[in-house]
Structure formats: C-alpha cells, structure tokens
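Notes follow the structure.
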Amino acid sequence: MHGEMHDELNVLIGGEAGQGLVTTGQILTRSLVRSGFLVVATQGYHSRIRGGHNTFAIRAGRKKLRAPRESVDVLVALNDETVALHRGELVPEGIVVADESFAPDSAIKVPYKELASARNVNVAALGVTSAILGLEGGIVRGALEDQFGKKGAEVAAKNAEVLARGFDWFASSGEKGRPLAPVVDKMDDDKVDDGRPRRLMLNGNEAIAFGAISAGARFCAFYPMTPSTSIPLALAAHAGELGFVVEQAEDEIAAINMALGASFAGAPGLVATSGGGFALMTEGVSLAAMTETPIVIVVSQRPGPATGLPTRTEQADLELVLHAGHGEFPRAVFTPGTVEQCFHLTRKAFELAERVQGPVFVLTDQFLADSYRAVDPLDVETLDAVGVPDEGVELKAPYERYRLTESGVSPRLMPGRSGHLVVADSDEHDEAGHITEDLSIRKLMVEKRLKKGRILEAEVLAPEFSGDDRPDILLVSWGSTQGSGVEAAEAVRARGKSAATLHFPQIWPLVPDAFLPHLRDAGEVVAVEGNATGQFARLLRRETGFGIEKRILRYDGLPMTPEYIVRGLESLGCV
Amino acid sequence: MVSVADYGQYETAWCPGCGDFAILKAVKKALAESGIAPHEVLFVSGVGQAAKAPHYLNCNLFNGLHGRALPVATGAKLANPGLKVICESGEGCTYGEGGNHFLAALRRNIGVTLLVHDNQVYGLTKGQASPTSDEGFVTKAQPGGALSAPFNPVAIAVAMRASFVARGFAGSIDHLTELITKAMAHEGLALVDILQPCVSFNKVNTFAWYTKRCYEIPADHDPGDREAAMKLAEEWGERIPIGVIYEDDRPSLESRIPTLSAGPLVGRKVDAKALALAMEKYA
C-alpha cells in the first residue's frame, strides 16, 4: 500500500474560497510540524470571501527547506477547476486526489459523499491526504482538535470522526501512498528535555507580532488591510494575557498618529499596513521624525499601484518606504527573509526606534506574511525588552526635550511621569520644544536630527553571504526572496558553476564597505527582485556606483521561486 | 494649591484683540481652580493659531499635525489613562481636516477634553471659509459666498451621545471658565465649542455679532434630556445658546479596556514567561 519514502513532498490543496481549504492546510501543516518535519507553506487567494480559486501549498520534508517548489507531488483538488489549473504542475509520479465525480482517470478517486457532508469534505480530504503522506492518525487528530477546540468539543468530535473516515478509507482503498521518510529519532525530536514542545508553526506576520511583544511593545493601532491584518489580529488574540492594547482606527492616518501618541506617552507602539495604507501614513512618518518619537512601521507589500492585487505578493514599495515622509531625517528599513528574521528584526526595529527616537521600518510581503514555517523555539525568556524607554534618567529642571547633544539624541522623558514638562512640536522648535522662527536654531535642529543617522549606520546589519567565494554567479536579493535565492544557487552549483547569494535583511542604511568586495569578486552579479524596475539594484548603484545590469524580476503577483530564478539565469545566458 | 501664576505668562503670536487671549485666560483659570498642576496635564494640539495656545502656558504638550490632535490624544490616553488629556485646536483642524477623527472620538468616548476655538474662518492661512462658516460667507477662496452648509458640531455630538457637550463664548470668560472646568471633570469625551471673533479675517462674526446673539442657557434646561438638548444644539442665527447642552454617563473607552485596569501601559515590564507560554500554543 505504501510507496517508497520521500525526502520531501510538495502538496498543493486547491479549491474555492468557502470550502475550508485554509483549515485543511493549517491542520495539515501543524501535523507535519508536530511530526518533526520542516515546512514551507505558500498561500494563494483571491480578494473575495466565496468562490474564486484559492491554493494552500505545503512543501514538507526532513531537510532544511527554504523556498516554495513549483512542481507538485500531491494535488488535493476540492473542485474540478483546481485539476484543470494545476495538473500541468505535477511531477511524473505525482497524483491528484479528488472527488470521484470529477477526478481524472489516474487520480485517487475519493467518494467524499460517503465520508462527509458537504460542509466537512475538507476534513475528509485532510484525512485522506494525511494517510497518503504516511502521517500518524493521532498527531493529525490532535492538531484538528486544537484547531476546532474553540468551536466546542462537539464540533471537534464530529470533525474528528470525519477525519478518521478519511484515514480509514485510504487504508482500505488499495491505493499507493506518497509517504514522507520519517525524521530520524522522531519521538525524541518531538520534545526537548523539559517536556516543552519542539518547533512552532509560525508565519511571518505572527513572528512580527511576537517580536514586537518581546521587545516591549504595548500598543498597536491599525486599519484592516491585506496582507498586514494578521499582525494586529495576532496581537489582539494575546492582548489580555500579555498586557497589550490593540485599537482599530478609523483610518490609517489615525492609526499612525495614535501610535505616536502612545509612544510619546511612553508605551512603545507599532502600526502595520500595506502600500496603500502606508501612503496615507506618510505625514505621520514625518511627524515621528520631527517630534523625535519612536515608532515601528510594518509595511507588508502587495502588488500596486492603488488597490492593485490585494491578496498577492510583490516587492515594489521599497522606494516608497525609503523616501516617504516630507523633509530630511534618518531612518532604518529592515527586510526579513525568513520567519525567524521577522521575529528578530522586529525586535531590532524597536530597539533602534527607541535609541534614535524616530521611525524604523519592517518591510515584508504577502508571501512571507502568510508562509508558515517550522520554527525552533525562540527562547523569549532570555531576550531583553530592548524597545522600552529608560525612565531612570535623572535630569535637572528645566527639562528640554530637544537638548542639543553630541550624538543628536536628547534624553527622553514622558509626560506626567515626573515633575518635568515635556514639550514636543511638529513645527520647527527650540531645545525646549517651543515653536521657533529662528533660522539658526532651525539649522542646528536639522543637523541634530540627521546626526542620529550615524547611530543607525553603526548598527547596520551586514548582508548575508552564503555559498562559494569568488563565485561565477552571485545572486543579490532582499526580503522574502532569500530562500529562493539560496536554493537557486544550489541548483546552479549542480550544473557545474560556482554560485553564492548575497541577501540583504536591511536595505537602509547601506554601508558599502560591508558588501562591495562581494560584488566585485563575483563573475556575474544578478539582482533578484519581486518588482518591475529593479528598485534595489538601482539603490545599490545610487549609493555605491556599482551597477547590476542583469536582473531577474517578477511582478505577476506570485512569489519568487528557485525555478523562476534558474529560468531567468538561463534567459540571461548565465547557465 | 495650584495658582494661575503656576501656568506662566508668555508672549503670543496672536493679533491684538484676538479671542484666543480670553480663551487662554479661561483655560488657565479652569486648570488652577481644578487643582491640576502643569506637569499633570497633557495638551495635544494641531495646527493653526488656536493650536498655538498650549505653547503659552506651562504644561506637557504634543503639538502635532493639522487635524490630527485627537488620534494622538487617544493614543496617549490609552497608554496612560491617569494623564489629564486636553485637545485644543481650531474648528478647521478639528471639524475639517480632522473630521473623521472627531466622529471617531465621539464614537469611542475617549477620555479627552476637547476645546475647539471656533471663529468660523481659517485665520492662519489668511481667510478661507471653515467648516462652520455660514452659507454665503465671502472670502477670496469663496468669492461668490460659501456654498456648503455649515457643520454643526454640537448637534453631531448630541446625536452621538457624547458624554459632555457645551458651547461657550470668548466674550464671557467666567461662564467659559466654568464650562471648561466642568468639561475637564467629566469622564469621556467632553466637547466645548468656543465661539470667538477673528479680528483679522472675519468681519461678519465679530465680537459684537456674537455678543448680540449669544444667551446663556437657562438653569431649568436638563442636560440629560436629549431631545431638549438637540433643540438647543440646532438653534443658531439670531439666537445662539451658550452653556452645557448635553450630558451623558456613557463610560469612557479606556475604562472599558480590561488590560488598563491593571494600570497604565507605560512602565510595565515584559512578562517573558507569559509570552513564552502564549507562543507555545503555536507548537
């Protein structure tokens, strides 16, 4: 009944919105993570609540997986449109799992109407698919009960029954499965010594939310906008137990101003939005800089311009985030490439926002925001609350909020926390914070604010180089394309050329000394970006003089994949 | 004991004869009489001549963007509900640029005292119609006279059951002081729309114009009677009622957020254990 074991498999679940595809995908992903496998999940959906075509792809295996894969091993079709759209992606040995009423000849034909009512077909499909992958029924059942637990014990039990029917049907069907080779020492792998669970199933947005809390954030204001909404929702889900306040704002302008008010008062805050919402916030960015108020701004990119493709992915707001906010002031922009980096770079963002008292950005996108991974526990108990203001400062009256200092940073007090008066102003101001028309003070204040940029430069994260030194081909990437770049480099090596990736988890500031040698030492340098104009390549040329002419660009709304990069290299004549 | 002198005396950027002087006086008196010390109060203002007012007294201040004082005030109040937060700006800032935030603040009933200097014109930008300019008001921007109906802030506030709605007049400083004192003591969003002349750019709604029309709401008006309040709120023109129009005991937003019952968000230590436990649920 079982076929040979697979080191990794790519499962694609497809169907209409409303068929419970995401539920199936999430439970399957959690089952895989609890079984000890590593995963890269990729969600694709339309901007609607019912109908359309949605997909949930899970690439799972026991070795390190960093990117999506285009070819599909198991196509779980909840409707016939899925078969038509994705059959061509199947590997030669790949299979379709579908209802007998529309399954193609070579497929595993499931009599869903015998296993479940129309509402639970997705759970029956989960059972069948889990059995195909060789997963333990108990683990899947546990994951299902945790998922349905909030809906009550009865609902969970009913669904567990349907799940079991799916498993049993496959066991007795005589069909050949596609079992994943189990993780060695799986039972020991499941728990660390003190009995706490091993890996977490987290997506990029959840990691950002937890990174913020661990850094000391207390406030988030937001307006719902795909693909950023799951950040405030994750914060809201835990707000009570973790002492956090989430407020849904009337618009994005209110959101950023609220977060600035909270931060000014001493509660570290963040906002999360996408390009169009961020466009509304840009005056607020300028306000943060002028009043020297810390704030972390998360922009989760989707294709624009304007409303664009609300549910797809892109990397085309780099220039917007780099320049938004009238006037001149320093900023930092982090661009995490993995879910772990989403956590750690958000922490770094809070640390720097407080340190330089200004706006710091975390730039992500729909692909990473929605991409579940198996993450090693983040040891939060060993991490400091790096974004919390220091209230231990002793100062003499009269307190001057914008006292000129060597570093440009003035000691920051919060209103009502001492006998001192704290005055902040969006007008140009004197050291005391009051409006000034004195142009020599103006000049000093411009220089004060810009001087803080030196701290950001000193703290910059160098780009990550991985692969062969002096490579034939160097792939330059930023943000969520990191994993695809690394796997593409592996594919290039398999074809006999040396290859490496240079990935930027921070695109501003740039400290050329840290990476120019890598660019100069490579045979050919290729920029990999999810936009049409090569925004980062152009930024690099602007700042360093080094031009990257060869570019692999993707702007169809879909994530960058290793295969897309390799095809691009072929077109460029590099491989 | 807090005295008016504790609030200091500062040179202003206002035109001689501006109604803002009287309002500033009333605000200082109200604060002193309420026993609120300068370091205990946070003023949040936007942009405009009125928005400069908090620079002219000793206080904590966040002078932000045009129209955006209320969201900043909301964020600050949620971060530290113990702070006395007063929003002070002009009507252009509060009802025009910031109109959406005015409505949202009324919905939230955030515990902020909202003092609006309402002179029915945009003064600092030199004389355009404002949200409360009467129809037909002639300016260089509206040379044929303003064509839009004026915004009625007190009627909107009563319709939204704001917790405290009052209208004052800069020409009646003692009456205004009392209104501001009452507003500051009231939980939730307390609005005082303060009529004042703009001597430089509004030649219609002058000090004399307001004096002739404003009358104090009689003592027998019950501010809890919403129907009566709405009638007063809609009265405008030859007779303009000033005083407390409406009062409601709707709880403030910050009093309804369980997290805040444990104290302000400011100064809390991260509970790493609780965070680790919360994250374990994702395994």
FRET efficiency estimate (nearest 0.05) - Cβ-Cβ, B:SER255 to B:MET1, R0 30 angstrom: 0.55
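In the neighborhood of A:ALA499, defined by Cβ-to-Cβ distances under 14 Å, what is the net charge if each Lys or Arg adds +1 and each Asp or Glu adds -1? Present the calculation step by step, with values, prior to reporting the outcome.
Details: positive: A:ARG470, A:ARG493, A:ARG495, A:LYS497, A:LYS550; negative: A:ASP468, A:ASP469, A:ASP472, A:GLU487, A:GLU490, A:ASP521, A:GLU524, A:GLU570.
Result for the neighbourhood of A:ALA499: -3.
What total accessible surface area, summed over both chains, is buried at the interface between chains B and A, computed with a 1.4 Å probe and given in Å² to the nearest 100? Please list the in-between numbers first.
Details: alone 13500 and 23640 Å², together 32350 Å².
Chains B and A together bury approximately 4800 Å².
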Order by protection proxy (mean Cβ within 10 Å, highest first), peptides B:65-72, A:511-518: B:65-72, A:511-518
Between 0 and 90°, nearest 10: helix A:482-494 axis offset from chain A longest Cα axis: 60 degrees
Label point 7 Å beyond Cα of A:ILE49 along Cβ direction - residues of the stretch A:292-332 with amide nitrogen under 20 Å: A:310-312
Between helix B:173-185 and chain B: long-axis angle, C-alpha atoms, 0 to 90°, nearest 10: 20 degrees
Spin-label proximity, A:GLU81 to the stretch A:4-48 - amide N less than 19 Å from point 7 Å beyond Cα toward beta carbon: A:12-25, A:43-48
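With the other protein chains left in place, how much accessible area per residue, in square angstrom, belongs to chain A at a 1.4 angstrom probe?
Per-residue value: 37 Å².
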Residue among A:LEU516, B:PHE62, B:GLY243 farthest towards the positive dipole end of the protein assembly as shown, charges placed on Cβ: A:LEU516
Counted charge near A:VAL39, where neighbours are those whose Cβ lies closer than 9 Å (Asp, Glu -1; Lys, Arg +1): +2
For residues of A:219-225, the mean tally of beta carbons on other chains within 10 Å: 1
Protein-only accessible surface order, largest first, of B:HIS117, B:HIS221, A:HIS434 at 1.4 Å: A:HIS434, B:HIS221, B:HIS117
With all protein chains modelled, accessible area of B:VAL4 [1.4 Å, Å²]: 70 Å²
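Given charges of +1 on the Cβ of Lys and Arg and -1 on the Cβ of Asp and Glu, with all other atoms neutral, how large is the dipole of the stretch B:195-283 about its Cα centre, in debye to the nearest 20? The partial results should precede the final answer.
Working: 12 positive and 14 negative charges, 125 e Å.
About 600 debye.
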Degrees, to the nearest 10: A:230-242 long Cα axis against longest axis of chain A: 80 degrees
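When the dipole is taken about the Cα centre of the stretch A:273-405, and only Lys, Arg (+1) and Asp, Glu (-1) are charged at their Cβ, what size is it in debye, to the nearest 20?
Details: 10 positive and 19 negative charges, 66 e Å.
I would put it at about 320 debye.
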Phi to ³J(HN,Hα) by Karplus 6.51 cos²θ - 1.76 cosθ + 1.60 over the stretch B:259-268, Hz, x for Gly, Pro: 3, 7, 5, 7, x, x, 6, 5, x, 7
Farthest positive-ward along the protein assembly as shown dipole, Cα basis, beta-carbon charges - from A:VAL460, A:THR405, B:GLY35: A:VAL460
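Could you work out what % of the accessible surface of the protein assembly as shown is carbon and sulfur, using a 1.4 angstrom probe and leaving DNA, RNA and ligands out of the count? List each step's numbers first, then the result.
Working: 16620 of 32350 Å².
Summing carbon and sulfur atoms, their accessible area is 51 percent of the total for the protein assembly as shown.
Please compute the average number of Cβ atoms from other chains found within 10 Å of each residue's Cβ in peptide A:242-253. Walk me through the numbers before you get to the answer.
Numbers: counts 8, 10, 3, 9, 2, 8, 1, 6, 10, 4, 0, 8.
For this peptide, the per-residue mean of nearby foreign Cβ atoms is 6.
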Column: log10 I(q)/I(0), Debye, Cα scatterers of the stretch A:230-339, q = 0.12, 0.14, 0.17, 0.23 Å⁻¹: -0.43, -0.59, -0.88, -1.43
Top positive-direction residue, dipole computed over chain B with Cβ charges, set B:PHE201, B:MET230, B:ALA13: B:ALA13
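In µm²/s, what is D for the stretch A:435-511 at 37 °C and 0.692 mPa s, where D = kT/(6 pi eta Rh) by Stokes-Einstein and Rh is the Kirkwood radius from Cα pairs? It would help to have the intermediate numbers written out before the result.
Numbers: Rh = 15.2 Å.
Approximately 216 µm²/s, per Stokes-Einstein.
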Gap separating the Cα centres of the stretch A:83-146 and the stretch A:242-292, nearest whole Å: 44 Å
Over the stretch B:76-198 - Rg/Rh using Cα atoms and the Kirkwood inverse-distance radius: 0.99
Taking the C-alpha atoms of chain B, convex hull volume expressed per residue in Å³: 150 Å³
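Partner chain Cβ atoms within 10 Å, averaged over the residues of B:40-49 - can you pull that number for me? Kindly include the intermediate steps, with their values, before the conclusion.
Working: counts 3, 3, 8, 2, 5, 2, 1, 2, 0, 0.
Mean shielding count: 3.
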Spread of Cα-to-Cα distances over 10 Å intervals beginning at zero, given as percent, for the protein assembly as shown: 2, 12, 20, 21, 17, 13, 9, 5, 1, 0
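Rank by packing, highest mean first: peptides B:138-144, A:67-73, A:105-111, with packing defined as the count of other Cβ atoms within 10 Å averaged across residues. Could the numbers behind the result be given before it?
Numbers: B:138-144: 12.0, A:67-73: 20.9, A:105-111: 16.1.
Taking the mean over residues of other Cβ atoms within 10 Å, the ranking is A:67-73, A:105-111, B:138-144.
Using the crude model of +1 on Lys and Arg Cβ and -1 on Asp and Glu Cβ, and no other charge, please compute the dipole size for the protein assembly as shown relative to its Cα centre, in debye to 20. Each step should come with its number before you reach the end.
Details: 84 positive and 107 negative charges, 73 e Å.
With only Lys, Arg, Asp and Glu charged at Cβ, the dipole is about 340 debye.
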Candidates B:ALA229, B:ALA37, B:ALA170: whichever shows maximal mean-square fluctuation once chain B is modelled as a Gaussian network with Cα springs under 10 Å: B:ALA37
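Considering only the other residues whose Cβ falls under 14 Å of the Cβ of A:SER440, what net charge follows from Lys and Arg at +1 and Asp and Glu at -1? Intermediate results must be reported in sequence, preceding the final value.
Numbers: positive: A:ARG442, A:LYS443, A:LYS448; negative: A:GLU428, A:ASP430, A:GLU431, A:GLU437, A:ASP438, A:GLU447.
Surrounding charge for A:SER440 is -3.
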The stretch B:177-283: Cα Rg divided by the 2.2 N^0.38 Å rule of thumb: 1.77
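The values are calculated or read from the model by the stated rules, or taken from the named source; none is laboratory data. Just so you know, these numbers come straight off a predicted model, no measurement behind them. All Cβ positions, glycine included, derive from the backbone under ideal geometry; neighbour counts span all protein chains shown. Only protein heavy atoms, including side chains, enter the accessible area calculation; ligands, DNA and RNA are left aside. Shrake-Rupley method; radii C 1.70, N 1.55, O 1.52, S 1.80 Å.
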